[in-house]
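Peer 1: Below is the structure I would like to discuss, written out as structure tokens.
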Amino acid sequence: MKKRILFVVLAMVLVLCGCSMKKAYKKAAPPDMDITEDDTTGNPVKEPEIPGNKADWTILMYVCGSDLESEDGFATDNFNEIKKIDFPDNINLVVEAGGTKKWHNGLDDNKLTRMVCKGNDWSVVGELKNASMGRTKTLSDFIKWGTKEYPADKYFLIIWNHGLIDFGGVAYDENYNDAISYTELGDALDKAGTKFEMIGFDCCYCANYEMADTVNGYCNYLVASEDMIPAGGWDYENWLGYLVNKSDVSSEDIGRKICDEYIKRYKYSTTGRLITMSLCDMGKYDKLNDNFEKMSKEINKNVSDVNKLNDFIAAVNTSETYEDDTFDLKSVVNNAKKVIPETYKAVSNALDDFVAYNVKGRSRTDSNGVAVYLPINDEDESTLDRYAEWSKNASMLQLLAYIYKDNWTAPEWAYENGNEIINDDIYNYEILFDEDIKDGYVTLDVKSGMDYIADVQFELYLYDKEYSEITLLGYDNNTQIQDNRIIDNFGGYWLTIDGYYCSAQLVNSNDDSNIYIIPVKYNGIETELCMVYSFDDDEYTIAGVYSYSQNEESSRLLDLKEGDEIIPIFMCSKITDGEDEETYTYEGGTIEYKEGINIEEVSLFDGEYLFRFDITDVFGEHYYSKLYLVEIEGEDIYLSLIHI
């Protein structure tokens, strides 16, 4: 596993066991983002107290507490940071709070609450009948009210909650299983009628091309993260203190301060390796958008050649990767130069202009400030349909329809406005290979279709012959590819934490590090551990543990604390005549987290294991080798073909 290897998981489904590796093993229904609007948010229970003077700044915080508040009180923690600031009369900080089942600060769980922070404390200025914070009207009403009653020269909107990139939305309300989609967010901003100086997202995965397109025209600056945000969120005390003490500070300086204090906040935490934060100049967006459109058309012009298509998919999948097919845009552009020779420089330069400032952790060296959502590895029709609802890029939609051929069709308008890809012959291919054990290694000799192969991995299972039981140890791409030959490079080692084996899944790799997810039970809750391996330091580090929302489709990263309990989880199946008879989970040993915990690869214990290759082609189709029995006895490894 310790290799400088580049790969992204392409539809990693455990076909043999019939189950998924992620915590979203039970994938929940997406939040409802198309709720019929009514008047439930417009009737305050208490009349608000209104200030009389116009301020320099009004900061509007839309705090949808969700499980982040109900389970751990993270919104309350941020409120407590904010009230340390003695706001002068020229700065208003106004909050609408809701969207959670339980507040940890005395707020009414069954109402929407409006507050202002003055004199180092919060004052409730209005309570409203409860309503979903995942609705267009709830957000637009708050903006209208806040800008009317707390007028200022400049407005800063901050949305606090989860970000749901594959659903294209923010502000997940756990009471209503509802979130604001990108389209609905644009509608809310349009209805509010306010031009913001800044819009910020204390939410995961919001510094992306799609979000920039959504807020374009409604703000001068965008502040957000390409990646996941740790559960503690922004450092409000320090950046707000900076604003209060420097009344003439520029908007760009405020954005830079938010980024700098954010990176400082997590510098010494486990989550600090993976963080990013960007300040984007929305005045430069149109130039970026024009060049991105030209690049998309050039991609479509060239990918009718299967080699170019493969080059593009490889370029995307070896770029800096975040969650749910989200990639750093500049990383993609730089990797795809061979496919887009006419446009890559213009897009790269436009990105440099658009990103006014960005910061990043040690394991995000190729994060450049703006991500892009490219669902080229997700054949789920509902995911693609959701993307089509809010994407305006006709060429990109056509590209996806081209990749998924008979499995998905782009909307009609995309074919009318895009650069259509025409090459039906590209689908006339076969991936064929001979396989054998040669010189002690499983070897595949590819006879046809090598140009169509996008990714090669292997799956490893513990095998209990007596009980016909297999246990998934994980996936890796520790393989050798020589011309048309694929050779396994498995050496009999596997990852352990404090001496306990775990089911490791490599999800991202760059020149500096590998990132793994590991299914675990964390303090009694099933989730995933995030692990980083640094090539320079030659060591593994736990980056944090994922805190999932109620619907399991959004999350933040939590720091581990001394004494936290970690139990590795393994997916198991009983096999009868080659078919799954029963699928279940198995818990490993109990690990007590402590600083400096030992994480290393060790030799697998003596026993029998199963190995097979999983080949993915450029269209997302999978091809599997035969199953091979791996017998480990001390330092010796024996391979043989097996039928079960």
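The values are calculated or read from the model by the stated rules, or taken from the named source; none is laboratory data. All values derive from a computational prediction rather than experimental measurement. No Cβ is skipped: glycine too gets one built from the backbone with ideal geometry, and neighbour counts run over all protein chains shown. Heavy atoms of the whole protein, side chains included, go into the accessibility calculation; ligands, DNA and RNA do not. Shrake-Rupley method; radii C 1.70, N 1.55, O 1.52, S 1.80 Å.
Peer 1: Restricting attention to segment 589-644, report how many residues are under 29 Å from the mean Cα position of the chain (by Cα), in a strand (DSSP E or B) and surrounded by 12 or more Cβ atoms within 10 Å (Cβ to Cβ).
Peer 2: Looking only at that region, the number is 13.
Peer 1: Sort out for me the strands (runs of 3 or more DSSP E) sitting completely within segment 426-539 that have 1 or more residues that are more than 27 Å from Phe605 (Cβ to Cβ) and of a type in the set (A, V, I, L, M, F, W, C).
Peer 2: 432-438, 441-448, 453-464, 479-482, 485-488, 525-534
Peer 1: Scan segment 163-184 residue by residue and report those that are part of a loop (DSSP other than H, G, I, E, B) and either of a type in the set (Val, Ile, Thr) or at pLDDT 90 or above (or both). Steps first, answer last, please.
Peer 2: Our first condition is that a residue be part of a loop (DSSP other than H, G, I, E, B); within segment 163-184, this holds for 168, 174-177.
Within segment 163-184, Glu174, Asn175, Tyr176, Asn177 meet the criteria.
Peer 1: Return yes when Asp451 is in contact (Cβ under 8 Å) with a residue 40 or more places away in the chain and open to solvent by 50 Å² or more (accessible area, probe 1.4 Å) and no when it is not.
Peer 2: yes
Peer 1: Residues in segment 277-296: is at least one at pLDDT below 95 and of a type in the set (A, V, I, L, M)?
Peer 2: no
Peer 1: Pick out, from segment 31-145, the strands (runs of 3 or more DSSP E) lying fully within it that include 1 or more residues that are open to solvent by 10 Å² or more (accessible area, probe 1.4 Å), modelled with pLDDT under 95 and hydrophobic (A, V, I, L, M, F, W, C).
Peer 2: Fully inside segment 31-145 and qualifying: 121-129.
Peer 1: When the residues of segment 240-264 are narrowed to those that are free of Cβ contacts under 8 Å to residues at least 40 places away in the same chain and buried (at least 20 other Cβ atoms within 10 Å of the Cβ), which ends up farthest from Asp89 (Cα to Cα)? It would help to see each step written out before you state the result.
Peer 2: Step one: of segment 240-264, the residues free of Cβ contacts under 8 Å to residues at least 40 places away in the same chain are 242, 245-246, 248-250, 253, 257, 261, 264.
Checking the rest, the ones that are also buried (at least 20 other Cβ atoms within 10 Å of the Cβ) come to 257, 261.
Details: Lys257: 22, Glu261: 24 Å.
The residue in question is Glu261.
Peer 1: Got a number for residues in segment 86-112 being among the β-branched types (Val, Ile, Thr) and over 26 Å from Leu558 (Cα atoms)? Spell out how you get there, then give the answer.
Peer 2: At the first step, the residues of segment 86-112 found to be among the β-branched types (Val, Ile, Thr) are 91, 94-95, 100.
When the remaining residues are screened for being over 26 Å from Leu558 (Cα atoms), the result is 91, 94.
The qualifying residues number 2.
Peer 1: Consider segment 290-332. How many of its residues are open to solvent by less than 10 Å² (accessible area, probe 1.4 Å) and small (Gly, Ala, Ser)?
Peer 2: Total satisfying the criteria: 4.
Peer 1: A follow-up question, please. Take segment 347-357 and flag every residue that is open to solvent by less than 50 Å² (accessible area, probe 1.4 Å) and not hydroxyl-bearing (Ser, Thr, Tyr).
Peer 2: Val347, Ala350, Leu351, Phe354, Val355, Ala356
Peer 1: Okay, next question. Against the condition closer than 23 Å to Lys144 by Cα, in a strand (DSSP E or B), open to solvent by less than 20 Å² (accessible area, probe 1.4 Å) and out of contact with any Phe, Trp or Tyr (no Cβ under 6 Å at 6 or more places or on another chain), how does Ala188 come out, does it pass?
Peer 2: Criteria not met by Ala188.
Peer 1: Of the residues Tyr344, Tyr373, which single one is crowded, with 21+ Cβ neighbours inside 10 Å, within 17 Å of the chain's Cα centre (by Cα) and among the hydroxyl-bearing types (Ser, Thr, Tyr)?
Peer 2: The conditions single out Tyr373.
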